[in-house]
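Participant: Dropping the structure in here first, questions after.
The values are calculated or read from the model by the stated rules, or taken from the named source; none is laboratory data. These numbers were taken from a predicted model, which means no experiment stands behind them. Note: ideal-geometry Cβ built from the backbone for every residue, glycine included; neighbour counts use all protein chains shown. The accessibility values were calculated without ligands, DNA or RNA, using every heavy atom of the protein model including side chains. Shrake-Rupley method; radii C 1.70, N 1.55, O 1.52, S 1.80 Å.
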Amino acid sequence: MEKLDGQIERIVFRNEENGFCVLRVKVRGHKELVTVTGTVPTINSGEWMTADGEWFTDPRHGPQFKAEQMRMSKPDTLEGIEKYLASGLIKGIGKEYAKRLVKTFGRDVFDVIENSSGKLRKVEGIGRQRKDNIKKAWDVQKSVRQIMAFLFSHGVSTTRAFRIHKAYGDKAIEMVQRDPYCLARDIRGIGFLIADQIAMRLGIAKDSDLRARAGLEFVLGELTANGHCAYVRNDLLSRSAELLQIDLAIVERALDHSLENDRLIQRANFAGDDLIYLPKLYFAEIDLAKRLQALEHGRHPCPPIDVSKALAWVQQKSGIELAPAQRKALKTAVESKVMIITGGPGVGKTTLVNSVLMVLKAKKLRVVLCAPTGRAAKRMAETTGMEAKTIHRLLQYNPGTGGFVHCAENPLECDVLIVDESSMIDVMLASQLADAIPLHAAFIVVGDADQLPSVGPGRVLQDIIHSKKIPVAHLDEVFRQAATSRIITNAHRINRGQMPEFPEAGKTSDCYFVESNDPAKAVDLVGRLVKQSIPKKFRFNPLEEIQILTPMQKGELGARNLNQTLQQLLNPRGDEVERFGYVFRTGDKVMQTENDYDKEVFNGDMGRIAKIDSEANELVVDFEGRKVVYDFRELDELVLSYAITIHKSQGSEYPCVVIPLHTQHYVLLQRSLIYTAITRARKLVIVLGTKKALNLAVTRAESRERTTTLSERIKEYL
C-alpha cells in the first residue's frame, strides 16, 4: 500500500452513519489539493491525516486516493490549528475567535484550553462565561471522540456517541465494556441488535445469561412500545428464544433471575394467565386504579344545587338547548367526583364541557384544564375561553428528582380538573396526572374512545369505560349543524363500518376522495394538491394550514419519503444542515419525537426552524412563539413534519388534512386509524389512494389488541 499524509482543507462529504467521507487534502509535493476517500469515526478540517491506500482514477473526477486506513492527529501548523478550531468542533469558537486564540497562544493553544483554561481570558472578547463554555465544550468533544473511536472499532455507527456521553459521561466506555446491553436499555436509537453486535465483538457468548436477560427485557420493552402493559409468560419466552436463537431453558433461567431481582414482575390475570410486567407499568396500573378509588370517595366540591334550575340558567345564558344526554351528563358532572365524557365529532362534547364550566365557575370553584399535547391544549383554551396547559407543563418536571413537581405530596391547587383528548394518554402519564389531583377535587375525563389508543402503553380511556365502575356520559346524537359536514357524517359512517360518501364530480364538499392506484404517481399528486390545487381552490396556506397524515413512516407513501418530496416543493432553499439522514432547512416544519424535559418540548410538539447557526453548531426551532435551541448532535430528536403518521396526529386539529391511503399500508389499515385521521380535519379532508385500501380500513374493526389489566384493577379497587 502507498502512504499519503497531509492537512485536511475541506470535508466535501461525510456520511454520519458509516463514517465514509470525501476529503480535499493539502499534500506536500502536490500543487493541487488531493481528493481522498475513506472511512473514519471522527474528522475535522485542519487535522493532519496519515492514510494507507492506493491511487485510482475516477472517470468523472480524475485522480483520487482511496484510503484503506486513515489516522487523524491534531494539526501542528498555525494555519491548520486555526482551521481546526474554526471547524465547529468546539462550541463558542468560530472563525474570529480561532484567529484570536492562535494569535495569542500559537501552537500552545490546545494545551492552554485543556490544562490552563484561565489564560483564555487574555484573549479579547473572552470573559468568564465564554471561557467556561469553551473548556466544557472541549472536554465534551474529547469524550465524544473517544466514544466514537470505540464504537467505530466495534463496527458500529458513531452517530449516537453524543447521546452515550450525555447518559454516562466519562465512564461511558467502561460501562459499555462491562455490559454493552446497557446501550439498548438507555440510549434511544441504539437497539438490542447494535448492542448485541458490540457484545459479540467483546467476546460475550451467544448463550450467556447476560445476553439472555438483556434479550428478554428488550423483547418485553418492544412489546410495551407497541402498547402492551404486560405479556403472557410463555409467549414472551418463546419470542425471546426465537430472537436470540438460544435454548428456551436459558431464557427461562434469565426470566427467573429478572423476577428474583425485581427487574420484572409476574402476576396472574383473572383469566389465569401468568403475565410479565415491567415494574413501572405494573405499579402505574395499580396506582391509577387506587387513585381513582380515592378520588371517587367523599363529597363533590360543588355545593348541592337544584340541577333543573342550573340547566335552565345555563341554556338561557348560552342560548343553546342541551340534548337529553347532555343534561344527564351535566347532572353527573356536579354530583360524581370522577366521570367520563365520550363521543365522536359533532355530538356536543365541547358544548357540554362549556356548560359544566359555567356552573362550576358560578359556584366559585377553581377549575384547571389540561390536554396531552400543545395543540390540544391550545384548542381547549380557544373553545372554553380559559387557560389550558399540556399535562407535562401542568405537572412541572423536576430535573432534580426526575419526576414531576406536582404529585400526591404536592397536589395541584384546584377543585376540579378536566382533561381533554384522553384517548391518547398512556397509563404512565394517566397515573402521574391522577396522583397530582387533590383528594377533595373532582376529575372529568373527556375523549373519543373510538380513536386510536395512545402511542405509549395502555388504553386508559377504553379500560376505564370497560370497567363499568365510573359514570360515563356517552354522547352519540349528531347535532343538526354538524350533520351538514361530510367530515362528521363520514366519521360516524366509518365508525359503524360503512364506507364514507363522497360528492359527485363537480359538486363541492368538505370531504373528497381522489383515486390514484400507482404509489409513485400518488406521491406526485400529493405534491401538486398541497402546492397548487388546494391553495388555489380553497385558499389554504400550504405550510401553515395543510397537514399530510399517512398510516406509516416507510414506503413511497410513508411520512419519510413524503417529507423529502414536500420539503423540495415547499421549502427548497435556505441555510441547511444534514444530520441523522435528514436535511434540515430554515423554514422547515419539524416535530419533536421524544419528551425532552430540559427543553420543555414533548413528543408530538410541532414547530418551524427559525435559524441555523453553523458556527455555533446550533439550530433554533420556533414552537408557536417559544424559541428552543438544539445542538446539531441532538437533531435525532427532530423529524420533518410536512407529513406525519396518523398516530402522531392524535390530539391535534388542522384546517385541511390530506390522507394518502394505499394497499401498501395493508398491515396498519384499520377502522380506528382512518376514523382518527378524518376527525383531525376542521374544514377539509382529501383521501387519496385506492378504494380497496379505504374499504380495508373501514371494515377491519379490530384495533390490534393490547394486553392491559387496568380494567381488572379498577374492578378490584372500586
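Participant: Measuring from centroid to centroid over Cα atoms, what is the spacing of segment 7-53 and segment 184-239 in Å?
Facilitator: For segment 7-53 versus segment 184-239, the Cα centre distance is 38 Å.
Participant: Using Cα atoms only, what is the angle between the long axis of helix 486-495 and the major principal axis of the chain, expressed in degrees (0 to 90) to the nearest 10?
Facilitator: Computed tilt is about 90 degrees.
Participant: Report, by chain and number, residues whose modeled amide H sits under 5 Å from the one on Val338, excluding near sequence neighbours (fewer than 5 apart, same chain).
Facilitator: For Val338, the qualifying residues are Phe443.
Participant: So what does Val40 come to for accessible area, using a 1.4 Å probe and Å² rounded to 10?
Facilitator: Taking all protein chains as shown, Val40 has close to 10 Å².
Participant: Can I ask one more? May I ask for the equivalent-ellipsoid semi-axes of segment 1-81, computed as the square root of five times each C-alpha gyration tensor eigenvalue and listed largest first in whole Å?
Facilitator: So the equivalent ellipsoid measures 18, 15, 12 Å along its semi-axes.
Participant: If you roll a 1.4 Å probe over the chain with all protein chains in place, what percent of the accessible area is carbon or sulfur?
Facilitator: Taking all protein chains in place, the chain shows 47 percent carbon and sulfur surface.
Participant: Continuing with the same structure: Starting at the first residue of segment 423-435, write each ³J(HN,Hα) from the Karplus equation 6.51 cos²θ - 1.76 cosθ + 1.60 with θ = phi - 60°, in whole Hz, x for Gly and Pro.
Facilitator: Per-residue couplings from phi come out as 4, 9, 8, 7, 5, 5, 5, 4, 5, 5, 5, 4, 4 Hz.
Participant: Same structure, new question: Under a 1.4 angstrom probe, counting protein chains only, how are Leu525, Leu417 ranked by accessible area, largest first?
Facilitator: Correct descending sequence by accessible area is Leu525, Leu417.
Participant: Further, regarding this structure: By how many degrees, between 0 and 90 and to the nearest 10, does the Cα long axis of helix 233-244 differ from the longest principal axis of the chain?
Facilitator: Tilt of helix 233-244: around 20 degrees.
Participant: May I have the extent of the alpha carbons of the chain along their three principal axes, as whole Å values ordered from largest to smallest?
Facilitator: Taking the Cα atoms of the chain, the three principal extents are 95, 66, 55 Å.
Participant: For the chain, give me the percentage of DSSP beta bridges that are antiparallel, rounded to the nearest 5 percent.
Facilitator: 60
Participant: Share of Cα-Cα pairs in segment 460-587 beyond 25 Å, in percent?
Facilitator: Value for segment 460-587: 47 percent of Cα pairs lie more than 25 Å apart.
Participant: Here is a follow-up. Can you give me the Kirkwood hydrodynamic radius for segment 503-550, using every pair of distinct Cα atoms, in Å to one decimal?
Facilitator: Result for segment 503-550 stands at 11.9 Å.
Participant: Under the rule of -39500 (n - 2.57) per DSSP H run of 4 or more residues, summed and divided by the residues of the chain, what mean residue ellipticity at 222 nm is obtained, to the nearest 500 deg cm²/dmol?
Facilitator: The helix contribution divided over the chain gives -11500 deg cm²/dmol.
Participant: What angle do you read, to the nearest 10 degrees and between 0 and 90, between the alpha-carbon axis of helix 519-528 and the longest principal axis of the chain?
Facilitator: 80
Participant: Hey, another quick one. Is the C-alpha gyration tensor of segment 348-495 telling us rounded, prolate or oblate? Criteria: a/c under 1.5 is rounded; beyond that, a/b larger than b/c is prolate, otherwise oblate.
Facilitator: The shape class here is prolate.
Participant: While we're here: Distance cut-off 29 Å, Cα to Cα: go down the list Lys136/Lys206; Lys3/Lys206; Lys389/Lys611; Lys389/Lys554 and report the pairs above it.
Facilitator: Lys136/Lys206; Lys3/Lys206; Lys389/Lys554
Participant: Cα-Cα over 24 Å: which of Lys521/Lys691; Lys135/Lys171; Lys26/Lys95; Lys361/Lys469?
Facilitator: Violating the 24 Å Cα-Cα cut-off are Lys361/Lys469.
Participant: A further question follows. Could you sort Lys469, Lys349, Lys95 by their accessible area in this structure, using a 1.4 Å probe and putting the largest first?
Facilitator: Lys95, Lys469, Lys349
Participant: Whole number in Å², please: accessible area per residue of segment 591-718, 1.4 Å probe, ligands, DNA and RNA not counted.
Facilitator: Averaged over the residues of segment 591-718, the accessible area is 34 Å².
Participant: Working with all protein chains in place, sort Arg267, Arg145 by solvent-accessible area computed with a 1.4 Å probe, largest first.
Facilitator: The most accessible residue leads, giving Arg267, Arg145.
Participant: Can you give me the P(r) profile for segment 1-141? Cα pairs, bins 5 angstrom wide beginning at 0, each as a whole percent.
Facilitator: 2, 10, 18, 21, 15, 12, 10, 7, 3, 2, 0
Participant: If you don't mind, another one. Taking the highest mean first, how do the peptides 661-667, 428-434 order by number of other beta carbon atoms within 10 angstrom per residue?
Facilitator: Top of the packing list down: 428-434, 661-667.
Participant: If you don't mind, another one. Please identify the GluC sites (Glu not before Pro) of segment 380-454 that satisfy two criteria: DSSP loop assignment and at most 13 other Cβ atoms within 10 Å. Which are they?
Facilitator: Filter output for segment 380-454: Glu387, Glu409, Glu413.
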